[in-house]
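J.: Here it is, the structure, as structure tokens.
The values are calculated or read from the model by the stated rules, or taken from the named source; none is laboratory data. All values derive from a computational prediction rather than experimental measurement. Every residue, glycine as well, gets a Cβ built from its backbone with ideal geometry; the counts of neighbours run over all protein chains shown.
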Amino acid sequence: MTYGIYAIRFVYCCFRDWYKHTETLERLKASEQLFLDTIEGNEDAVAEQIEKIHMEETSPIHYNKEDSLRSVIKLAYYTYRDNYVQWEELPAGAGYADVAYIPKYDSGYPILVIELKWNNIHTIKKKPL
């Protein structure tokens, strides 16, 4: 019966401390704001938040690697699940979109396509909507 006591004690400890996740809750708020800034075209706010997360979560050795950038994007836009479905390497024209967020049927949000480029921004062509 000691197993039951440990299980109850563990559940109690977890429940008791749930409200202390202030940094996690702040990250979730920042993620939601990042979606809004992206949709509204607030480039400076988007760049600032992506750079902040990139600096916090990526080691210097892996800073410019595509997989690290992809992980940063996925972490930054973590709250996508409420309104979007996420796709990686989605076929798009002559290539693949690195990360695409497709809105759920009733969300009313636009499609977000993220193409990761390092020092080669000129290869991305702006196409009319």
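J.: Quick check on the range 29-64: of everything there that is small (Gly, Ala, Ser), over 12 Å from the mean Cα position of the chain (by Cα) and not in a loop (DSSP other than H, G, I, E, B), which residue is surrounded by the most Cβ atoms within 10 Å (Cβ to Cβ)?
T.: Going through the qualifying residues, I end up with Ala45.
J.: Here's a follow-up. Quick one: Asp98 ticks every box in (1) part of a strand (DSSP E or B); (2) touching a Leu at 6+ places or on another chain (Cβ under 9 Å); (3) closer than 26 Å to Glu26 by Cβ bar one, so which box is it?
T.: (3)
J.: Determine whether Ala92 is at pLDDT 85 or above and among the small types (Gly, Ala, Ser).
T.: Here the answer is no, as Ala92 does not meet what is asked.
J.: To continue, here is another question. Considering only the range 40-75, state which residues are within 18 Å of Ile111 (Cα to Cα) and at pLDDT 90 or above.
T.: Glu40, Gly41, Asn42, Glu43, Val46
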